[in-house]
1. Which aspartates and glutamates, on any chain, are close to B:LYS133 with Cα under 13 Å apart, when same-chain ones fewer than 8 places away are left out?
2. Positive end of the dipole of the stretch A:102-258, charges at C-beta (+1 Lys, Arg; -1 Asp, Glu), about the Cα centre: which of A:ILE171, A:PHE155, A:SER255 has its Cα farthest in that direction?
3. Can you tell me what percent of all Cα-Cα pairs in chain B are more than 19 Å apart?
4. Take the alpha carbon atoms of the stretch B:8-53, find their radius of gyration, then divide it by 2.2 N^0.38 Å using N residues; give the quotient.
5. What's log10 of I(q)/I(0) for the stretch A:144-235 at q = 0.13, 0.18, 0.20 Å⁻¹, Debye sum over Cα points only, no solvent?
6. Go ahead and estimate [θ] at 222 nm for chain B from helices alone: -39,500 (n - 2.57) per DSSP H run with n ≥ 4, summed, over the residue count, rounded to 500.
7. Just want to confirm a number: the relative contact order over the stretch A:42-146, from Cα pairs under 8 angstrom separated by 6+ residues, in percent.
8. Could you work out how much longer the chain between B:ASP76 and B:GLU9 gets when fully extended? Use 0.36 nm per residue separation minus the Cα distance between them, nm to one decimal.
Amino acid sequence: MASIRTEALILRSVDFGESDRILHLLVPEIGRLPVIAKGARRSVRRFSGTLDLFNHVKIQVDIRRPNSLARLDQASLIDPFLAMRSESARFALGCYLLELFDRLAPERGVRTDMQRLFSFALGALRMVAERAPDLRLRTLIELRALDALGLRPEFSRCVRCGSAPAGRSPIGFHVAEGGVVCDPCCAQIDGIQRIHPGTLRALEQGLRLDFDRLDRLVMSGPSLAEAHQLLTRFQRFHLGVELRSAPYLDRVLRSPAAG
Amino acid sequence: MRSTPAPIERLITALKRLPGIGEKSATRLSFYLLGAPDAVVHELGEAIDRLKHEIVLCQICFDLTDESPCAICRDDRRDPSAICVVEEPADLVAIERSRAFRGRYHVLGGTLSPIDGVGPDELRIAELEARLKSGEVGEVILATNPNAEGDATAHHISTRLAESGVKCSRIACGMPLGGDLEYADHVTIGRSMENRGPI
């Protein structure tokens, strides 16, 4: 690849040296792409107002040299998602999503998957920007984000034998195996967490519903708490660490005034 | 190949850690110091040593100072009813250079940055709230940078101060002096129009 023109979402921005900035971008053709923007902090004109978190931008990047950082040559703003800045819960959930994409999005992934991920990321930020985020929105968006990142949990069939767990009693879920486990298979495996079937059904619907219809999914308080706990464990296991933005998001959603 | 003597190598390594100093500059500076008069070298060494020992944070505004409270907080001619909230001491210096503000300051020590693990407790927001309890302050001017973190921090502080009865304002944001509308992004132009003033 050489110089490419495309769109990007700015996931992270770190000052570098005297006047440069290193950016982590999500790019539809590539996935996660770290770039260096030379002179970005000093020049008022070159990247003015474009290299900020959440910004959806048009870019021109030079990725000619394989073993060095790609160089950002031009950027122009498409959408800054300004609403993220004016409400603590939106800012917190927005940052959480950016960090999730930054940690889990592959570099140079399969093009069609990366295009889907990029579309999802913009859609998710738009949804957060238009709503007052709460635990339900966080849980459902996080579920869809994991799916878009290739970590879709299995809720309907046993991940070991493929059978569909039935009945009204709590069903086994194994985080490391990535989904539900039927009772006979549960007997052969440690670390099973029991989840209410209603919670699993709601999560399954959360994966199937059109993204802009997620609002219609109703979850009871206990079911939501159980789903949130399950997804947190699932995400932490597959990521290996807790996201740094998680404590602030937890705090804001628990008590918006404290955020 | 002849190796560089260890003391010179040590100084080059130390100087390279400074911003804007690369291998070549560090080498040049090291050889300059080697050839400089003893007094110059001692003065530099002492200045660096004293920097770390004598600079403290002002107990009121948290700016860097050699005497706490700092000169601005001690100055009776400064308007005590207006506090300008900035991210870092360098921002305070920039505003002072403008000579456009005669009130006092409060240095937050950064901005909200959840991705870096910085939440409200890591900033000096509680200390700002404590300063307002004197009843002397009538306006808090939020002068954090107009980026995502700066705007979110300003919004967070204004929400927290809403019940204090103190007026909160945000520094204006828009076209820079000498700027060119043709090259400005649409958000900057939009903000300039929103924040337009009478002429």
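1. Filter leaves B:GLU163.
2. The Cα lying farthest towards the positive end belongs to A:SER255.
3. Here the tail beyond 19 Å accounts for 71 percent of pairs.
4. Against the empirical 2.2 N^0.38 Å value, I get 1.16 for the stretch B:8-53.
5. Here the Debye-derived log intensity ratios amount to -0.41, -0.79, -0.97.
6. It comes out at -13000 deg cm²/dmol, rounded to the nearest 500.
7. Averaging sequence separation for qualifying contacts and normalising by length gives 24 percent for the stretch A:42-146.
8. Roughly 19.1 nm would be gained on extension.
FYI, it's all coordinate maths here, none of it is from the lab. Note that the structure is a prediction, hence the values are computed from the model and not measured. Methodologically, a virtual Cβ is constructed for each residue, glycine included, from the backbone with ideal geometry; neighbour enumeration extends over all protein chains shown.
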